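Asker: My questions will all concern the structure given below.
The values are calculated or read from the model by the stated rules, or taken from the named source; none is laboratory data. Just so we're clear, the structure is a prediction, and the values are computed from it rather than from any experiment. Quick reminder, even Gly has a Cβ in these numbers, built from the backbone with ideal geometry, and neighbours come from all protein chains shown. Ligands, DNA and RNA are excluded from the accessible area calculation, which covers all protein heavy atoms including side chains. Shrake-Rupley method; radii C 1.70, N 1.55, O 1.52, S 1.80 Å.
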Amino acid sequence: MTKAQLDEVDLEILAALSARADLTNKALAQQLGLAESTCAHRVRSLRDRGIIRDTRVRLDAAALGYPLEAIIKVRLANHTGEKVNALFDALVATPQVLQVFHVAGVDDFLVHVAVRDAVALRDIVLEHITVHPVVRGTETQLVFELRDGRGVLG
């Protein structure tokens, strides 16, 4: 993929929205000293070009009754494209899965989950991951704390 052509205004918009995705167009335009119509056009262009992929609400899993977070490392027995993609699809469709990373190295997938307790964590591993014949093994690591990084524009 080639690097997107972005000017300074685009980068300012992206930085502002990265910090506060809930900014209204009016507030964003005011913050950056742009006309509202110009700001709306720029944001729409960034969305149309796929630079802004989506806007999400981040939930507090613990407040919703899912206080235990973990990373489940998944190793595959073989790496055929069809089987890898099928497992990837199955992992992202699993309840309580927050993110799935397909990675290089000893492990093939990292599955970030939020669950009610250790029993629920075990059930995800046994009922949703190791049931796939392509899976050779798993290793689970508990998440003590998660902090956001500065991001690509930080």
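Asker: Filtering region 78-131 down to residues that are in contact with a strand residue (DSSP E or B) (Cβ under 8 Å, 6 or more places away or on another chain), assigned to a loop (DSSP other than H, G, I, E, B) and of a type outside the set (S, T, N, Q), which residue is most open to solvent (accessible area, probe 1.4 Å)?
Answerer: 116
Asker: Among (1) surrounded by fewer than 17 Cβ atoms within 10 Å (Cβ to Cβ); (2) touching a residue at least 40 places away in the same chain (Cβ under 8 Å), where does residue 20 come up short?
Answerer: Evaluating residue 20 over (1) surrounded by fewer than 17 Cβ atoms within 10 Å (Cβ to Cβ); (2) touching a residue at least 40 places away in the same chain (Cβ under 8 Å) leaves (2) as the failure.
Asker: On to the next question. Which of the following residues is in a loop (DSSP other than H, G, I, E, B) and either more than 21 Å from residue 148 (Cβ to Cβ) or open to solvent by 100 Å² or more (accessible area, probe 1.4 Å) (or both): 75, 47, 42, 53?
Answerer: After applying the criteria, what remains is 53.
Asker: While we're on this one: Can you name the number of the only condition in (1) surrounded by fewer than 16 Cβ atoms within 10 Å (Cβ to Cβ); (2) more than 20 Å from the chain's Cα centre (by Cα) that residue 138 fails?
Answerer: That leaves (1) as the condition not met.
Asker: Determine, yes or no, whether residue 60 is open to solvent by 50 Å² or more (accessible area, probe 1.4 Å) and within 30 Å of residue 14 (Cα to Cα).
Answerer: So residue 60 fits the description; yes.
Asker: Residues 100, 57: which one is among the β-branched types (Val, Ile, Thr) and modelled with pLDDT under 95?
Answerer: It is 57.
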